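Encoded as structure tokens, the structure appears first; notes follow it.
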Amino acid sequence: MRYIFLLSVIITKLVFAQELNQANLRTQDKMLLLLNTDIFSDETKSWQYFSMEYQFRETFANIIPRINFANRFTNSELQFEADAYLMFSAKTYMYLNTGFAEGKVFPKSRAGIELYQNIPGDIELSAGYRYLYFSPSKVNIFTGSVGYYFSDYWISFRPFFVNESGSSNKSTFTIVARRYFADAENYLTLRAGFGSYPVSANTQADFFRNDSKFFGVDYQFYILEKTTLQLGFLYENEELNVNKSRSRYNFLISFQKIFQ
């Protein structure tokens with residue numbers, strides 16, 4: 001069981017690879033603190049999500065253990081998670097993810113794997129799989145991406161196809177566009193999408209809806225040498241059932257310290 005946990009920890013953080021090219025993965029150690037708040041237009045109390053992680057840079061991989069905390073309705077919970085990016089070559093790498101929690105808010109266990117390949121024309125392709133276990137529900141997620149780098153810009157299209165036990169199949173389609181400035185840590189991101197699968201998928205409560213349309217923006221910039229601040233906002237129109245919809249406003253703030 002201990003070895004399964006270690007493998008799942010390595011697998012988790014590779015999801016983040018969809019927004020970085022291979023060169024940007026080879027960087028210094030980093031520590032990140034992130035706070036997310038969701039505010040709703042109906043009577044639902046606001047949701048909070050906090051995350052703390054440390055990225056270890058190794059010659060063969062980047063390994064990122066993480067502790068998450070979430071509050072949903074009357075429940076709060078910690079989740080232990082880890083990601084890894086395994087470098088096979090300058091053009092090929094793999095993302096792995098794993099995590100576990102008690103299961104009141106977060107999935108009891110999660111895992112993920114995705115293979116990334118750069119091809120001629122500054123195009124990056126990927127294909128991957130995510131697994132979430134909300135006792136007794138099991139969620140299988142198939143995904144992939146097509147990314148294109150040009151000048152100081154990056155744009156990516158990513159679909160999600162979801163099979164959840166005891167529920168109808170779901171799908172979501174997203175597009176992300178990013179403009180880099182001084183370096184890979186200073187950028188402006190625009191994102192939009194639609195579909196029934198919650199892209200964040202942090203907690204079980206995120207799945208309680210039929211459909212969604214969203215768009216958002218975030219900006220990461222230096223506030224001190226080797227220290228960045230990220231501010232983000234995302235708006236979602238959620239259809240909870242055929243007779244009820246609501247607006248959801250997500251606010252993000254994160255601090256990152258980059259070490260030599």
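The values are calculated or read from the model by the stated rules, or taken from the named source; none is laboratory data. Owing to the predicted nature of the structure, the values given are computational and were not obtained by experimental measurement. We place every Cβ from the backbone using ideal geometry, glycine too, and count neighbours over all the protein chains shown. When the accessible area is computed, the model is the full protein with side chains, heavy atoms only, and any ligands, DNA or RNA have been set aside. Shrake-Rupley method; radii C 1.70, N 1.55, O 1.52, S 1.80 Å.
One residue alone among 232, 193, 166, 216 is closer than 22 Å to residue 105 by Cα and not hydrophobic (A, V, I, L, M, F, W, C), and that residue is 166.
Can you find a residue in region 51-65 that is open to solvent by 20 Å² or more (accessible area, probe 1.4 Å) and closer than 30 Å to residue 169 by Cβ? No, because not a single residue in region 51-65 is open to solvent by 20 Å² or more (accessible area, probe 1.4 Å) and closer than 30 Å to residue 169 by Cβ.
Taken together, 212, 196 contain a single residue that is at pLDDT below 90 and over 18 Å from residue 256 (Cα atoms), which is 196. If you go through region 39-76, how many residues are free of Cβ contacts under 8 Å to residues at least 40 places away in the same chain, assigned to a strand (DSSP E or B) and within 30 Å of residue 244 (Cα to Cα)? Adding up the residues that qualify gives 6. Looking only at residues of region 182-227 that are in a loop (DSSP other than H, G, I, E, B) and of a type in the set (Lys, Arg), we find that the one that is nearest to the chain's Cα centre (by Cα) is 209. Taking first residues from region 137-151 that are within 16 Å of residue 161 (Cα to Cα) and open to solvent by less than 30 Å² (accessible area, probe 1.4 Å) and partners that are of a type in the set (Lys, Arg) and in a strand (DSSP E or B), the Cβ contacts under 8 Å between residues at least 6 apart in sequence or on separate chains come to 139/130; 141/130; 143/130; 143/158; 144/158; 145/158. Under the condition of being open to solvent by 40 Å² or more (accessible area, probe 1.4 Å) and closer than 15 Å to residue 145 by Cβ, the residues counted in region 95-113 number 1.
Residue count for region 96-130, restricted to those that are out of contact with any Gly (no Cβ under 7 Å at 6 or more places or on another chain), aromatic (Phe, Trp, Tyr) and in a strand (DSSP E or B): 2.
Restricting attention to region 156-181, which residues are part of a strand (DSSP E or B) and in contact with a Pro (Cβ under 8 Å, 6 or more places away or on another chain)? Once the filter is applied, which keeps residues that are part of a strand (DSSP E or B) and in contact with a Pro (Cβ under 8 Å, 6 or more places away or on another chain), region 156-181 yields 171, 172, 173, 174. Just checking, how many residues over region 77-94 are open to solvent by 60 Å² or more (accessible area, probe 1.4 Å) and in a strand (DSSP E or B)? Residues meeting the conditions: 2. Scanning region 228-245 for residues that are assigned to a strand (DSSP E or B), among the hydrophobic types (A, V, I, L, M, F, W, C) and open to solvent by 50 Å² or more (accessible area, probe 1.4 Å) yields 231, 233.
Residues 122, 206: which one is at pLDDT below 95, acidic (Asp, Glu) and open to solvent by 70 Å² or more (accessible area, probe 1.4 Å)? Only one candidate passes the filter, namely 122.
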